[in-house]
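Enquirer: Can you read through this structure? Questions will come right after.
The values are calculated or read from the model by the stated rules, or taken from the named source; none is laboratory data. All values derive from a computational prediction rather than experimental measurement. For neighbour counting, all protein chains shown are included, and Cβ atoms are generated from backbone atoms with ideal geometry for every residue, glycine included.
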């Protein structure tokens, strides 16, 4: 009969984010569809003009969401019974992302330029890892090494011999990572010398390794 011991290995590591993502969200209710479409084009043009003064690759700016939808309101009487549907207009929603290597100087320029162009938008700043897969591989290796170290320690304590790994049980759902975000309104930050030091991104993973021993 084979003698098997299962060891849970855990890996944890913190990474300094190397990429900044500025997300700009626009939303406006207009009377006609054409007006909503024209307003979306106008806002996009403002962003493009604002970023011309900054040395950014054109591929850094992407449209991640765009939609124009009909807006209505259900009107009810004093008893709560439905009477009619009131047409309010057309609402457009648009989201742009600006992704670049982490740099407070570049971030300050972007915020400053957008503020000068009086662009009505919500801004969110996120700090992420460019190569998430590489970071996950590092954490997984730590989890495997942790299992091996625990097996060696247990083997030494119990005088087990010939401890050999025979199988690994791993699911990607075991891994966990966090995205650190800071949110604020653009008009409040007009100084290009902005200094933001984001928290490290913490990642963890686990694996179960089965060891056979004599």
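Enquirer: Filter the range 116-127 down to the residues that are modelled with pLDDT under 80 and surrounded by fewer than 18 Cβ atoms within 10 Å (Cβ to Cβ) and list them by number.
Expert: 116, 117, 118, 120
Enquirer: So which residues in the range 93-130 are within 19 Å of residue 201 (Cα to Cα) and assigned to a helix (DSSP H, G or I), if there are any at all?
Expert: Taking the range 93-130 as the starting set, the residues that turn out to be within 19 Å of residue 201 (Cα to Cα) are 99-104, 124-130.
Answer for the range 93-130, where residues must be within 19 Å of residue 201 (Cα to Cα) and assigned to a helix (DSSP H, G or I): just 104.
Enquirer: Could you please find all residues in the range 65-87 being part of a loop (DSSP other than H, G, I, E, B) and under 30 Å from residue 41 (Cα atoms)?
Expert: Our first condition is that a residue be part of a loop (DSSP other than H, G, I, E, B); within the range 65-87, this holds for 77-81.
Passing the criteria: none in range.
Enquirer: Could you grab the pairs with beta carbons closer than 8 Å, sequence gap of 6+ or different chains, first residue in the range 30-53 and crowded, with 18+ Cβ neighbours inside 10 Å, second one modelled with pLDDT under 85 and assigned to a helix (DSSP H, G or I)?
Expert: Matching pairs, first to second residue: 47/114; 50/113; 50/114; 50/116; 51/113.
Enquirer: Just one of (1) assigned by TED's automatic domain parsing to the domain that holds residue 149; (2) out of contact with any helix residue (DSSP H, G or I) (no Cβ under 9 Å at 6 or more places or on another chain) trips up residue 12, so point out which.
Expert: (2)
Enquirer: Please indicate, with yes or no, whether at least one residue in the range 34-41 is assigned to a strand (DSSP E or B) and either modelled with pLDDT of 90 or more or not assigned by TED's automatic domain parsing to the domain that holds residue 153 (or both).
Expert: Initially, the range 34-41 is screened for residues assigned to a strand (DSSP E or B), giving none.
The answer is no, given that none of the residues of the range 34-41 is assigned to a strand (DSSP E or B) and either modelled with pLDDT of 90 or more or not assigned by TED's automatic domain parsing to the domain that holds residue 153 (or both).
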